[in-house]
Structures are given as C-alpha cells and as structure tokens.
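Below is one structure. I have some questions about it.
The values are calculated or read from the model by the stated rules, or taken from the named source; none is laboratory data. Bear in mind the structure is a predicted one, so any value in this text is a computation, not a measurement. Cβ: placed from backbone, ideal geometry, glycine included. Neighbour counts: every protein chain shown.
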Amino acid sequence: MTDLSLTCMGAAGTVTGSRHLLEADGKRILLDCGMFQGRRNIRTRNWEPFPVAPWSIDKVVLSHAHMDHSGYVPRLIRDGYAGEILCSPPTIDLCGILLPDSGYLQERDAEYANRKKFSRHEPALPLYTEDEAEASMERFRGVEFNTDTDLGHGARLKLRRAGHILGAATVEVKWHGRTIAFSGDLGRYDDPVLFDPEPIEQADYLLLETTYGDRLHEQGDPGELLADIVERTTARGGTVVIPSFAVGRAQLLTFYLWKMKKAGRIRSVPVYLDSPMAINASAILRHHFGDHRISPSDAEEIGDMVNYVRETEDSKALTIDQMPKVIISASGMATGGRVLHHLKSYAPDARNTIVISGFQAPGTPGATILAGADEIRIHGQHVPIRAEVEEISMLSAHADANELMQWLGGFKAPPRKTFLVHGEPASSRALRSRIERELGWSCEIPGHLDRFDL
C-alpha cells in the first residue's frame, strides 16, 4: 500500500492557524490554509517560512472562510503556490470579501503603527496586501456539496455541510485506499439560520476540532438574553458594543435583534452594523437562500431594521455619539478593525455594556475583557474598562462538547485514529477522555508540526 502521511502544520495545540498536510507519492494536499491569531508567540508563526515549499503543494482545500482557516491563502500564493483553492461556492464569495479586507486592514494597521510609532518592528509590514488578496481569488474553484470531485493523483474529495457559517464544510478525502475526514469547524444543531451539521458514516482517519471540547454552551434563548442586555443598558442611557465576527456572528446577531424587536422585547433603539465586511457578508447571505434557513422576506425585514455603516466618517460619528444604541462591529476578538475605536470610546463609561458573543482566543483583547481585566491596551494606549461586560455563550457558532459527541454518533464504525485539533490543550484533553470513555475510540492530540503515517 502506498505510504500516506499527515502533518499538522497549524491548529495543533492551539485553536487557530488551521493547516493539515496530506502527502503520498510526492504529492501534497493541504486541508485549510489559515492564519494564526491570539498570543504573540502564536501569531509570529504567520511570518515563519511555510513548513514545506508552497510550490510543492498540489491542491488546497478549504473547509470555510474564517480567517483562521483561509487567511493565509494570499501569502501562500505570494510565496509560490500555483494550484487551485477548492471550497464551496458560498465560501468563495465570502473569501472574496474576507481576504481583501484582511489585506486592507493589515496595510492600514501597519501604516497606523508606523505613524504612531507603537510597533515593535521598524517598519511594521502587512503579511500581504489587499491587491495580493484580490489576485488570489482567481485561483478559487467551487465544489458543490455532496458531490464526488477529482483532486488528481487518485484522490477524491467530498464536502458536506458543517453548519458554523454560510458555506462551511466537512472535508472527506479518499486517497490510496484510505478515507480521511476533517470536521473543519462544526456548527450548532437547531441553529435558527444554518442547517445542522451533516453526518459522516465512515472514515479511516478523522481530524476533529475541539474548540469547545471541555465546555457546554448555556441553555436558553440568546435572543431573550440579548434583549435584556439591550433594555437594561439603554434604560441607563448607555450603548451596547458587540465585537463580532463579520461572517456568521454579525448575521446571527442582527437576526436575533430583529426577532426581539418584532416580538416587542426591544424598544425602538437603533442598531448599527459598523463593518463593511459584515455588510457585504449579509448581502452574500441573500445570494444563497438554499444554503440557510432565512426566507427572502425575513431577510428583507432584517435589512430594513439595520443601519449599515460603510464610511469611515460615519463610523467616527458613532464613536462620539452618546445616544443609546447597539453597535455591532468587527473584529470578533477585538484584534483589529473599527470595534477598537468604539471600545476606546465606550469601555471607560459604566453606563455602557460590552457583549462578548463568541470564542476568544487566549491573548486577544476580547479574551482579556472577558477575563475581567481593569484595562486593555488599544493602539498603544491603556483603556480602562468600566463598562458592564456580558457574555452570550449560546450565540457561539461552534458545537459544544455534547454536540461534538452527537456528530461523532453519525459514524457507523470507529476511525482507526481520531486526531484532536483546533483547540486549546485543556479542551482537547477533555474531549479525548470523553471519546475514549464513551466511544472507546483511539485518539491522538498532535503537537505543532507532528507527522503521522496513515
């Protein structure tokens, strides 16, 4: 039998930087091509040479469009990758806004750091530019869900719906008589916007995300909790600031705010979506009605409720406007983007509320806020946090431990080996113990750059 190997080049022992390399007969297939985020020692991996020569990779397959799964693509191409990027059609559309926006933000942040002289590097540089990200989109090729696709060199690909965000997929690769399944990021069951994760019945080897492998999401109606926060905050004259991922979370938040307004749970308080990328992502949602549960009429009503903020000057006006309101703005972990300016303005005032609505990688400003810090550092300044801080964990787009186990229940037989990736060490260890105890499966927690013969 032909030798086949797996090397975990990212999201091993950490949540971000998803990159998993399959090799056989001198051919290479890369599953995901994400950026590292969070702690500085993790982020610096983005600047290290790719572990194998980019030109030597034959195919790249993306599970979905989030930056920690797709965000390194322009750099890989810049450094010599010459092949296709395969993913679902909605993922192509989302990457078409996420990647150029990432390049733009990197250029802008580098320019700002150089102008204000708070960077540790001289000069600060972007990982790639907006133009390089735009050019990378020419390499993308759409793969429909549940179709058998030829990857060349005897490899076959199938994508299935994973929930999580629009277009997210689980990945199945059949190569040299073995089946390798990759969960990507699994979504929630009974999500009001996205369809349930589809099961996989058989795989010889499984790469499984463990982001929430040691936790359960709170039970209850996130819309009701969000409505309580908005009403309580605006009643005292405050503003609700929600750092939000532009793809997935922003659309879910506007859905719940619309639902609560329609039910009379939220009074007439303006809702602002201050993220051009999130606005564009919301438009893409309306181009793929077959890929989610929202009807065209409801999508139109949600769009009518939201005030879209595209221009920088309008965003600056929001920062100084003291009228009660809700601001949803990227980035979701407060690592960059317009939300940093809103946090600088609103975090020091006890009338306001900061709502954390998703996973916060260790070392990010969002994680610091959630941990109860008295201050955070933004653009080289120490910003006090006197605002109320609330977390709505049930808004997470990630399956929790029970939902991960529910998805594993779709397998008719155990994989030979299950590799637990895309999680912090504690969550991976907790899920390994549970899988071994409840299912009797053989599990492995890879370290960074660990290689396995399959």
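Of the residues Gly303, Gly290, only one is outside the structural domain of Leu194 (by TED's automatic domain parsing), modelled with pLDDT under 95 and farther than 20 Å from Val230 by Cα; which?
Numbers: Gly303 fails: farther than 20 Å from Val230 by Cα.
Every option except Gly290 fails the conditions.
Name the one entry in His398, His382 that is assigned to a strand (DSSP E or B) and either in contact with a Ser or Thr (Cβ under 9 Å, 6 or more places away or on another chain) or assigned by TED's automatic domain parsing to the domain that holds Gly332 (or both).
Numbers: His398 fails: assigned to a strand (DSSP E or B).
One residue alone meets the criteria, His382.
Further question on the same structure: Here are Leu98, Leu94, Leu125, Leu105: which of them is assigned by TED's automatic domain parsing to the domain that holds Cys33 and outside any helix (DSSP H, G or I)? Even if it seems obvious, please write down each step before you answer.
Working: Leu98 fails: outside any helix (DSSP H, G or I); Leu94 fails: outside any helix (DSSP H, G or I); Leu105 fails: outside any helix (DSSP H, G or I).
The unique qualifying residue is Leu125.
Find the strands (runs of 3 or more DSSP E) located wholly in segment 1-48 whose residues include 2 or more that are under 20 Å from Leu98 (Cβ atoms) and touching a residue at least 60 places away in the same chain (Cβ under 8 Å), and list them. If you could, list the steps in order and put the result at the bottom.
Numbers: elements: 5-10, 19-24, 27-31.
In segment 1-48, there are no strands (runs of 3 or more DSSP E) which contain 2 or more residues that are under 20 Å from Leu98 (Cβ atoms) and touching a residue at least 60 places away in the same chain (Cβ under 8 Å).
Here is a follow-up. All but one of (1) of a type in the set (D, E, K, R); (2) farther than 23 Å from Ser282 by Cβ; (3) surrounded by fewer than 22 Cβ atoms within 10 Å (Cβ to Cβ) hold for Arg75; which doesn't?
Result: Arg75 passes all but (3).
Here is a further query. Given the structure, is Leu194 within 24 Å of Arg293 (Cα to Cα), in contact (Cβ under 8 Å) with a residue 12 or more places away in the chain and assigned by TED's automatic domain parsing to the domain that holds Met67? Even if it seems obvious, please write down each step before you answer.
Numbers: within 24 Å of Arg293 (Cα to Cα): yes; in contact (Cβ under 8 Å) with a residue 12 or more places away in the chain: yes; assigned by TED's automatic domain parsing to the domain that holds Met67: yes.
So Leu194 fits the description; yes.
Counting only residues that are touching a Pro at 6+ places or on another chain (Cβ under 7 Å) and charged (D, E, K, R), which one in segment 306-341 is modelled with the lowest pLDDT?
Filtering segment 306-341 for residues that are touching a Pro at 6+ places or on another chain (Cβ under 7 Å) and charged (D, E, K, R), the one modelled with the lowest pLDDT comes out as Arg310.
Pick from Ile376, Ile369, Ile445: which is buried (at least 18 other Cβ atoms within 10 Å of the Cβ), of a type in the set (Val, Ile, Thr) and under 17 Å from Tyr205 (Cβ atoms)?
Numbers: Ile376 fails: under 17 Å from Tyr205 (Cβ atoms); Ile369 fails: under 17 Å from Tyr205 (Cβ atoms).
Criteria check complete, one pass: Ile445.
Considering only residues that are closer than 17 Å to His164 by Cβ, of a type in the set (S, T, N, Q) and at pLDDT below 95, which ones fall in segment 13-69?
Passing the criteria: Thr16, Gln37.
Can you pull out every residue in segment 312-332 that is surrounded by 11 or more Cβ atoms within 10 Å (Cβ to Cβ) and either within 22 Å of Asp228 (Cα to Cα) or among the charged types (D, E, K, R) (or both)?
Let us first name the residues in segment 312-332 that are surrounded by 11 or more Cβ atoms within 10 Å (Cβ to Cβ), namely 312, 314-319, 321-322, 324-332.
Passing the criteria: Asp314, Lys316, Asp321, Gln322, Pro324, Lys325, Val326, Ile327, Ile328, Ser329, Gly332.
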